[in-house]
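**Student:** Take a look at the following structure, please.
The values are calculated or read from the model by the stated rules, or taken from the named source; none is laboratory data. Predicted model, so just to flag it, every value in this text is computed and none were measured. Cβ placement follows ideal geometry from the backbone for every residue including glycine, while neighbour counts extend to all protein chains displayed.
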Amino acid sequence: MSTVLLVEDHSGYAGLVCRELGTAHGHETVLVSDPAAALRELATRAYDVAVVDVLYEPLVRDFAARRTRGGLAGPLLASGLSVIRAAGAAPGRPRPVIWSSGEANRHLHLLFAFQEFGVRAYCSKGTGSVEPLHRAIVAAAAGGRYVDRLLDPYLPAAGAVPLRRTILRDQSRRAIWRAIALGYHSRRELATITGYSDRHIGNLVPTMVAEDLQLLDPGLRPGRSPLSELVRFAAHHWEFLLDEAVRELYP
Amino acid sequence: MSEDLYRATSRRLAHSLQPAMASLQAVILVCSAIEDIDTSALFGRSVLCSLAAVHLVGAVWMWRTVGLFERGPFWVGLWLSMLVVIPLVEAHLVRSASYAGYIAGVPLFAYPAGLLAVLACYPWTRHRLLLDTAVLAVVALEPLLIVLQLHSGHPTGTNLFSVTASFVWSLLAYLVGRVIARIFRGAVTGQLETQQEDYREFFDFLHSHVDTVIAAVRRRVGPDVPEIQQLRHTVCDRRLAMLLLRDAVPLAEVFKENLRFFDTALTVTAFPRVGLLTVRRPVGVLLSRALGDLLKNAIQHADGTAEVDFSTHQGSAVLEVGDRGPGLSPAVFEDASTSLYALRRAARDLGGDLVAVPGRQGAHLRLSVPLYGTVAERSA
């Protein structure tokens, strides 16, 4: 029996799960709907386990609108990673469980959580049973592992090169990735936004494809210009590249 | 998909340009009839004006129908032949001394421009470079040959300058056509990428929503309600179909969707981690089909327990699926009525294979396929 903070924006399903975690398994569960509320909750009370979704649709939609209008003063996108990071310093140091449906735009978040925050409990949301989530909570509370088979494919294979040694390797790479994710797709724009010289960006971009992307995805066969490859990758993963918790850890 | 869009866009562009360019050619013919032909040469003027009228009729016809470029090579060739015939006719109508007598260009120097611009932006599928080079060579050489003929092989500097200027105008028209096509392609690409990003975002959240709602319904009414199972299978099926449309297929998602399809009937004791690996579409389709077929075998012929492994080694993807059933007879690979026979044939078509791994309990199958295509593709 554990005290559990559940951070989930699908309130109907989350409410049902909360009740069952309590009635069937005796967990004392508090439900909040977004990372900001979770951070407040974590600051006021000690939990054993924090169950977090990766992306929260209302936050992503708000941020996407802000991103396309170009107004990006202030924090970047808040995701479940913010909660996991805060949990590491919160009273009681609650252990995280990632509870996700595992879509493509959460893939880098799952890798990052595994590699940087040492998250070892992953549960798929779509099973229709509370039992796997209960097992994940029990495993996490005990410092053990639980990985739902449906989320297994998303995690790094043995010997995989971590994100910190590829796309997050150094500050200039990160600046370029974030600028591309913000919608700046020409060398000149990238130079203006990042403050690096046009030549530096021109030299770095092919390396970012050959050394970073191809290490992450050995199946990648770049067919277009290196910059186009980066744009394509950033279009698929902008939620991660513009994640606030990632920026805090890797400015 | 983007290539299809390019072609569709270029065709629309070419369709709008054709009547405009034919009209322009008509105007150029009329101007030449007034400017280049002597006022006394009524025959010459009549010929050029008649040709202008034919061009105008052609322009209206092209406007009202699909245009010449959509009618196939014969009609395109017919129009292109005008680039040779009309300047020849013109050369016979003007006084030989005045042909190529102006440095701005030979008579009718602007005539090829319109057609060259359309030609440059049209999406030819084969021999494009060869055709464009041939047409430009004809446009460059014809006035030169005419000048040499009219001046008995001794053209003046002005004659040569005039011929060169004519070619430069034609080349510029061709380049303008290429630039217009490039601008449109850029616009199409940008629009397509924005749209795809929106769709991807939309479907990712839609699937997440649908998953969550189905999970909630299963929770309320029970996991084994047939309609719910059917809905889950439909969602998995459609999601897989969408994933397998991509040029670079994300393997993690393909594996997840296949596993989810069978999750209520199957216990998987080991499942591979593939990270961000993507594979080309034919390989993705094969691996998805293989995983689906082999997991189905594990359900139908074994105890519903399976283990799956995946690795990449020396440019090949290797998928292994094992179960705890009675095992497989080697004859099953030779029986054309079985799914394993078809699967092995599909693997071999891509340069891979499907084999039974001996010495294991139950059936243990290994499918291998080159990640980067055949040897010829790799060396290319």
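**Student:** Read through the list (1) crowded, with 18+ Cβ neighbours inside 10 Å; (2) touching an Asp or Glu at 6+ places or on another chain (Cβ under 8 Å); (3) under 15 Å from A:L213 (Cα atoms), then give the number of the only condition that A:R164 fails.
**Tutor:** The failed condition is (1).
**Student:** Still on this structure: Find all pairs meeting these conditions: Cβ atoms under 8 angstrom apart; at least six residues apart or on different chains; first residue within segment A:227-251 and free of Cβ contacts under 8 Å to residues at least 40 places away in the same chain; second residue part of a loop (DSSP other than H, G, I, E, B).
**Tutor:** Pairs that qualify, where the first residue is free of Cβ contacts under 8 Å to residues at least 40 places away in the same chain and the partner is part of a loop (DSSP other than H, G, I, E, B), are A:E229/A:L220; A:E229/A:P222; A:R232/A:R224.
**Student:** Please pick out the residue among A:R199, A:R145 that is among the charged types (D, E, K, R) and farther than 29 Å from A:G80 by Cβ.
**Tutor:** Residue meeting the stated conditions: A:R199.
**Student:** Hey, does segment B:198-220 have a residue that's away from chain A (no Cβ under 13 Å), assigned to a helix (DSSP H, G or I) and under 30 Å from A:D53 (Cα atoms)?
**Tutor:** Scanning segment B:198-220 turns up no residue that is away from chain A (no Cβ under 13 Å), assigned to a helix (DSSP H, G or I) and under 30 Å from A:D53 (Cα atoms).
**Student:** Exactly one of (1) more than 14 Å from every other protein chain (Cβ to nearest Cβ); (2) surrounded by 15 or more Cβ atoms within 10 Å (Cβ to Cβ) is unmet by B:S337. Its number?
**Tutor:** That leaves (2) as the condition not met.
Conditions tested, residue by residue: (1) touching a residue at least 24 places away in the same chain (Cβ under 8 Å); (2) surrounded by 15 or more Cβ atoms within 10 Å (Cβ to Cβ); (3) under 18 Å from B:Y111 (Cα atoms).
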| position | (1), (2), (3) |
| --- | --- |
| B:S23 | yes, yes, yes |
| B:I34 | no, no, yes |
| B:S40 | no, no, no |
| B:R45 | no, yes, yes |
| B:G67 | yes, yes, no |
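**Student:** Do we have B:E257 as at the interface with chain A (Cβ under 7 Å from one of its Cβ atoms), crowded, with 19+ Cβ neighbours inside 10 Å and not small (G, A, S) here?
**Tutor:** Here the answer is no, as B:E257 does not meet what is asked.
**Student:** Can you name every residue in segment A:179-206 that is without any contact (Cβ under 8 Å) to a residue 12 or more places away in the chain and crowded, with 16+ Cβ neighbours inside 10 Å?
**Tutor:** Listed by number, the residues that qualify are A:Y184, A:A191.
**Student:** Oh, and also: Out of the residues in segment A:128-148 that are part of a helix (DSSP H, G or I) and surrounded by 22 or more Cβ atoms within 10 Å (Cβ to Cβ), which is nearest to the other protein chains (Cβ to nearest Cβ)?
**Tutor:** A:L133
**Student:** Kindly establish whether B:E307 is in contact with a Gly (Cβ under 7 Å, 6 or more places away or on another chain), charged (D, E, K, R), touching a residue at least 24 places away in the same chain (Cβ under 8 Å) and surrounded by 15 or more Cβ atoms within 10 Å (Cβ to Cβ).
**Tutor:** yes
**Student:** Cβ-Cβ under 9 Å, sequence separation 6+ or interchain: first residue in segment A:17-33 and touching a residue at least 40 places away in the same chain (Cβ under 8 Å), partner exposed (fewer than 15 other Cβ atoms within 10 Å of the Cβ) and not in a strand (DSSP E or B). Which pairs?
**Tutor:** Qualifying pairs under 9 Å: A:A24/A:E131; A:H25/A:M1; A:H25/A:E131; A:H27/A:M1.
**Student:** Turning to a different aspect of this structure: Can you tell me which residue in segment A:96-120 is farthest from the other protein chains (Cβ to nearest Cβ), limited to those that are among the aliphatic types (A, V, I, L, M) and closer than 22 Å to B:R218 by Cβ?
**Tutor:** That would be A:V97.
**Student:** Another question, if that's okay. Answer yes if at least one residue in segment B:269-276 is among the aliphatic types (A, V, I, L, M) and within 12 Å of B:V254 (Cα to Cα), and no otherwise.
**Tutor:** yes
**Student:** Now for a separate question. Output the number of residues of segment B:131-179 satisfying the condition of being outside any helix (DSSP H, G or I) and at negative phi.
**Tutor:** Within segment B:131-179, residues that are outside any helix (DSSP H, G or I) and at negative phi number 4.
**Student:** Please tell me if A:A157 is free of Cβ contacts under 8 Å to residues at least 60 places away in the same chain, within 22 Å of B:R260 (Cβ to Cβ), hydrophobic (A, V, I, L, M, F, W, C) and at the interface with chain B (Cβ under 8 Å from one of its Cβ atoms).
**Tutor:** Here the answer is yes, as A:A157 does meet what is asked.
**Student:** State the number of residues belonging to segment A:210-233 that are facing chain B (nearest Cβ under 10 Å) and of a type in the set (G, A, S).
**Tutor:** Of the residues in segment A:210-233, 3 are facing chain B (nearest Cβ under 10 Å) and of a type in the set (G, A, S).
**Student:** Please go through (1) buried (at least 19 other Cβ atoms within 10 Å of the Cβ); (2) at pLDDT below 90; (3) not small (G, A, S) for A:I176 and return the number of the only condition it doesn't satisfy.
**Tutor:** Evaluating A:I176 over (1) buried (at least 19 other Cβ atoms within 10 Å of the Cβ); (2) at pLDDT below 90; (3) not small (G, A, S) leaves (2) as the failure.
**Student:** Every residue in segment A:21-44 that is more than 23 Å from A:A245 (Cβ to Cβ), part of a strand (DSSP E or B) and aliphatic (A, V, I, L, M), please.
**Tutor:** Across segment A:21-44, there are no qualifying residues.
**Student:** Tell me yes or no: at least one residue of segment A:166-189 is assigned to a loop (DSSP other than H, G, I, E, B), farther than 27 Å from A:S101 by Cα and more than 14 Å from chain B (Cβ to nearest Cβ).
**Tutor:** Looking through segment A:166-189, at least one residue is assigned to a loop (DSSP other than H, G, I, E, B), farther than 27 Å from A:S101 by Cα and more than 14 Å from chain B (Cβ to nearest Cβ).
**Student:** If you don't mind, there's one more thing I want to ask. Can you spot a residue in segment B:299-310 that is facing chain A (nearest Cβ under 9 Å) and over 24 Å from A:Q115 (Cα atoms)?
**Tutor:** no
**Student:** Restricting to segment A:99-141, give me the number of residues that are closer than 17 Å to B:E253 by Cα and not polar (S, T, N, Q).
**Tutor:** Final tally of qualifying residues: 14.
**Student:** Same structure again: I'm trying to understand the selection: among the residues of segment B:92-128, which are farther than 28 Å from B:A41 by Cα, assigned to a helix (DSSP H, G or I) and free of Cβ contacts under 8 Å to residues at least 60 places away in the same chain?
**Tutor:** Matches in segment B:92-128: B:L119, B:R128.
**Student:** A further question on this structure: Evaluate segment B:129-140: report whether one residue or more is under 21 Å from B:D36 (Cβ atoms), free of Cβ contacts under 8 Å to residues at least 12 places away in the same chain and in the same structural domain as B:L29 (by TED's automatic domain parsing).
**Tutor:** no
**Student:** Also, quick follow-up: Given the condition closer than 18 Å to B:L17 by Cβ, among the small types (G, A, S) and touching a helix residue (DSSP H, G or I) at 6+ places or on another chain (Cβ under 8 Å), answer yes or no: does some residue in segment B:89-110 qualify?
**Tutor:** Among the residues of segment B:89-110, at least one is closer than 18 Å to B:L17 by Cβ, among the small types (G, A, S) and touching a helix residue (DSSP H, G or I) at 6+ places or on another chain (Cβ under 8 Å), which makes the answer yes.
**Student:** If you check A:H237 against the conditions, is it of a type outside the set (A, V, I, L, M), within 24 Å of the chain's Cα centre (by Cα), part of a helix (DSSP H, G or I) and within 21 Å of B:T189 (Cα to Cα)?
**Tutor:** In short, yes.
**Student:** Report the residue count in segment B:310-349 for those that are in contact with a helix residue (DSSP H, G or I) (Cβ under 6 Å, 6 or more places away or on another chain), part of a loop (DSSP other than H, G, I, E, B) and either under 20 Å from B:L287 (Cβ atoms) or not charged (D, E, K, R) (or both).
**Tutor:** The qualifying residues number 2.
**Student:** Just name the residue that is modelled with the lowest pLDDT out of those in segment B:350-375 that are closer than 25 Å to A:L220 by Cβ, in contact with a helix residue (DSSP H, G or I) (Cβ under 9 Å, 6 or more places away or on another chain) and of a type outside the set (G, A, S).
**Tutor:** Among those that are closer than 25 Å to A:L220 by Cβ, in contact with a helix residue (DSSP H, G or I) (Cβ under 9 Å, 6 or more places away or on another chain) and of a type outside the set (G, A, S), it is B:Y372.
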